[in-house]
Amino acid sequence: MPPTLPKIRILLSDDHAILRSGLKMLLSAEPDMEVIGEATDGEEAIALAEQLQPDLVLMDVSMPRINGIEATAEIKRRMPHIKVLVLTMHENEEYLFRTLKAGGSGYVLKKAADTELLDAIHQVMEGGAFLRPSVTKALVQDYLERVETGEETDSYGLLTEREREILKLIAEGYTNQEMAKMLVISVRTVETHRAHLMDKLGMHTRSELVKYALRKGLLD
């Protein structure tokens with residue numbers, strides 16, 4: 001008989017018991033996977049990752065106490081050898097950027113978990129990243145278009161130092177109130193700077209700002 005391959009040891013982190021149960025059934029049916037623990041929030045995920053040392057953590061984004069992105073960053077800081085694959089309900093580029101910045105190896109939509117999750121786990125465990133083709137194609141196309149037009153270089157030069165600072169903080173996920181406290185200015189002033197920089201860059205959403213900041217190297 002051929003030798004039995006070691007199983008991929010997986011920690012589930014999601015605050016919905018029904019979803020965790022479904023994921024556990026799906027994964028446990030695979031001969032090369034086993035669920036070794038379950039966490040109900042980000043704080044518990046960090047503690048269990050440290051205690052159980054799984055090969056991979058399946059991390060929900062929206063959870064109590066500490067969200068999935070913050071928990072991913074902390075797990076990767078303490079235990080860089082552990083892989084993290086983020087689960088989300090939203091097909092949003094912002095989650096992709098934040099996931100990668102936190103050290104995650106990609107994300108899987110919950111609605112597509114039954115068809116994509118197993119492939120994603122194998123891909124990540126082989127050292128790759130799992131990025132949905134539709135999102136990757138859109139990001140590459142957007143980048144090429146902006147490089148060709150020279151839009152980024154010209155636009156960035158129009159920003160003041162304060163606007164560049166706020167751009168970076170927006171892209172990192174801070175709220176207007178949090179930025180005001182950090183910069184010791186009023187929320188109204190933050191809103192004014194934010195409006196000016198978005199107008200100069202010709203952007204309208206936080207997702208656009210995150211992509212822009214990533215291309216400019218502001219989130220490195």
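The values are calculated or read from the model by the stated rules, or taken from the named source; none is laboratory data. Quick caveat, the model's predicted, so the values are computed rather than measured. Every residue, glycine among them, receives a Cβ derived from its backbone with ideal geometry; neighbour counts consider all protein chains shown.
Computed quantities for the displayed model
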read-out	value
Residues (within 20 Å of the chain's Cα centre (by Cα), among the β-branched types (Val, Ile, Thr) and not in a helix (DSSP H, G or I)) located in segment 33-49	Thr40
Some residue of segment 16-32 being modelled with pLDDT under 95 and in a strand (DSSP E or B)	no
Whichever residue in segment 197-212 is closer than 11 Å to Ile166 by Cα and touching a residue at least 12 places away in the same chain (Cβ under 8 Å) and, among such residues, is surrounded by the most Cβ atoms within 10 Å (Cβ to Cβ)	Leu197
